[in-house]
Amino acid sequence: MSARKPAVSYLIRTFPKLSESFIVRELLALQQAGETLEIWSLLPADDAGIAAVPAAAPLMGLVRTAPRGPRGLLTMTGEFLATLARHPVRALRAIGWALLWSARERDPRHAAALPYAAHLARHAAAPHLHAHFANTPATTAVLAGMLSGKTVSYTGHARDLWVATSPAFLGAKTQRCVFAVSGTQFAVDLMRDACGPGRAPTLEVVTNSVDLPAAEPGGPGGEPGAPPREPGLVVCTARLVEKKGIDVLIRAVATLAADRPSLRLELIGDGPQRAEYEALAASLGAAGSITFRGALPYSEVTVALRRASVFALPAREARDGDTDGLPVAILEALAYGVPVVATPIAGIPEAVIDGETGLLVAPEDVDATAAAIAALIDDPARSARFGAAGRALVAERHDSATSAATLSRLFRSA
């Protein structure tokens with residue numbers, strides 16, 4: 001850890017995590033910008049999880065974890081009682097706030113966060129706490145701020161904002177922060193609405209950054225030494241769960257495959273519905289056109305993106321209300337110059353601009369999804385224009401240095 005006292009203590013549920021590589025990029029960019037940090041991981045990552053995110057290696061010396069197991073909980077409870085004795089007004093306010101929202105939300109986890117918050121209040125070295133995700137991490141950070149007097153902020157994402165946290169509780173947490181950010185205007189507007197008129201702190205868009213391949217003339221998407229696009233290759237990178245709309249994509253590809261023997265779909269990712277989707281592909285006679293590649297390291301994902309003619313992700317709202325915000329997988333595809341077929345869900349239209357960087361189709365519409373894929377495959381010149389525009393959009397709006405500069409400004413103002 002740097003000899004200088006950290007300016008910001010980051011609070012993350014588990015660090016590092018393969019599906020949250022955007023947090024790693026954010027922290028590295030902040031370091032590059034001169035910020036001094038420490039990282040609190042509420043649940044420590046195991047060796048396999050750390051090995052899966054090699055980019056996080058330079059940050060692992062900054063990671064601290066809360067005590068684990070019954071003995072750890074006893075230690076943190078003792079720290080909370082000590083805080084109650086030293087600062088009774090602060091502690092009683094935190095207790096009241098946690099119990100109030102535990103009762104209103106019928107969720108005891110809000111009160112259960114108090115020992116963790118007391119540990120952070122005592123041991124977090126920075127004067128400012130920043131949580132990633134608006135659910136448990138933000139709750140813990142807010143309580144730690146109440147116990148310690150530290151300033152607090154958070155980054156909201158997707159499920160944590162509109163499924164895991166009610167609008168009322170989201171508003172209550174946000175109002176106790178000096179600022180809050182999210183990667184899309186859609187999410188920031190939702191956070192502002194939760195706060196009600198005239199009561200919101202500073203709310204800003206800080207986009208997730210992605211790695212942009214070096215541009216050189218001649219390569220598809222501008223990347224040097226890239227192989228040619230494979231005609232008819234559709235790629236999708238996603239967790240195999242309901243909200244991703246993978247079943248819609250499989251049906252769309254099956255519709256096209258009968259007349260297009262060169263059409264292929266590579267599904268990169270794993271999840272609880274993989275067996276169901278494999279059975280669906282087989283039942284539609286499309287198993288020969290669809291490859292389930294499972295979870296892959298990022299280096300192999302980029303190889304697939306270099307080969308792809310189309311990236312497709314027909315996301316939907318799941319039955320429990322969960323939706324994507326703006327999947328990093330879409331931004332990665334755009335960075336590699338791949339035109340995207342997607343749906344106008346949440347923040348997706350902020351990157352997939354219909355008729356400019358890709359095509360938007362209605363959720364659940366198999367025929368429209370198939371038609372959009374076919375239109376991009378059949379018109380390579382149009383696809384190339386979309387790909388170039390998508391790459392330019394990512395370069396302009398999803399640059400890590402720009403996002404880090406915005407966060408640094410907000411941290412310093414806090």
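The values are calculated or read from the model by the stated rules, or taken from the named source; none is laboratory data. Predicted model only: the values in this text are computed from it and were never measured. Positions of Cβ are generated from backbone atoms using ideal geometry, with glycine treated the same way; all protein chains shown enter the neighbour counts. Surface accessibility is based on the protein's heavy atoms, side chains included, excluding ligands, DNA and RNA. Shrake-Rupley method; radii C 1.70, N 1.55, O 1.52, S 1.80 Å.
Points worth noting:
- Looking only at residues of segment 76-115 that are of a type in the set (G, A, S) and farther than 15 Å from A172 by Cβ, we find that the one that is most open to solvent (accessible area, probe 1.4 Å) is A85.
- Listed conditions (1) over 21 Å from A238 (Cα atoms); (2) open to solvent by 50 Å² or more (accessible area, probe 1.4 Å); (3) free of Cβ contacts under 8 Å to residues at least 60 places away in the same chain are all met by A33, apart from (3).
- Counted residues, segment 346-363 - those being in contact (Cβ under 8 Å) with a residue 40 or more places away in the chain, closer than 22 Å to A318 by Cβ and open to solvent by 10 Å² or more (accessible area, probe 1.4 Å): 4
- Any pair with Cβ under 6 angstrom, 6 or more apart, that starts in segment 186-209 at a residue that is in contact (Cβ under 8 Å) with a residue 40 or more places away in the chain and ends at one that is open to solvent by less than 40 Å² (accessible area, probe 1.4 Å) and of a type in the set (D, E, K, R): S209/R25
- Pairing each residue of segment 10-22 that is among the basic types (K, R) with any residue that is at pLDDT 95 or above, provided the two are 6+ apart or on different chains, yields C-beta distances under 7 Å for R13/F133; R13/T136; R13/P137.
- Residue match in segment 333-345 (condition: farther than 26 Å from A164 by Cβ, open to solvent by less than 20 Å² (accessible area, probe 1.4 Å) and modelled with pLDDT under 95): no
- Residue in segment 120-139 that is open to solvent by less than 10 Å² (accessible area, probe 1.4 Å) and of a type in the set (V, I, T) present: yes
- Considering residues of segment 249-295 that are assigned to a strand (DSSP E or B) and among the β-branched types (V, I, T) only, the residue farthest from A362 (Cα to Cα): T291
- V253 meets the stated requirement of being within 23 Å of P380 (Cβ to Cβ), within 28 Å of the chain's Cα centre (by Cα) and of a type outside the set (D, E, K, R).
- Going through (1) part of a loop (DSSP other than H, G, I, E, B); (2) within 26 Å of L143 (Cα to Cα); (3) in contact (Cβ under 8 Å) with a residue 40 or more places away in the chain one by one, P44 falls short only on (3).
- Residues satisfying the stated conditions in segment 1-34, i.e. touching a helix residue (DSSP H, G or I) at 6+ places or on another chain (Cβ under 6 Å) and either part of a helix (DSSP H, G or I) or under 20 Å from A138 (Cβ atoms) (or both): V8, L11, R13, P16, F22, V24, R25, L27, A29, L30
- Selection of segment 257-278 for residues being open to solvent by 60 Å² or more (accessible area, probe 1.4 Å) and more than 29 Å from the chain's Cα centre (by Cα) yields A258, D259, R260, P261, S262.
- Filter result for D320 (open to solvent by 40 Å² or more (accessible area, probe 1.4 Å) and either at pLDDT 95 or above or not charged (D, E, K, R) (or both)): no
- Any hit, segment 63-75, residues being in contact (Cβ under 8 Å) with a residue 40 or more places away in the chain, within 25 Å of I23 (Cβ to Cβ) and surrounded by 19 or more Cβ atoms within 10 Å (Cβ to Cβ): yes
- Just one of the listed residues (S283, S299) is open to solvent by 60 Å² or more (accessible area, probe 1.4 Å) and either over 24 Å from G390 (Cβ atoms) or in contact (Cβ under 8 Å) with a residue 24 or more places away in the chain (or both), namely S283.
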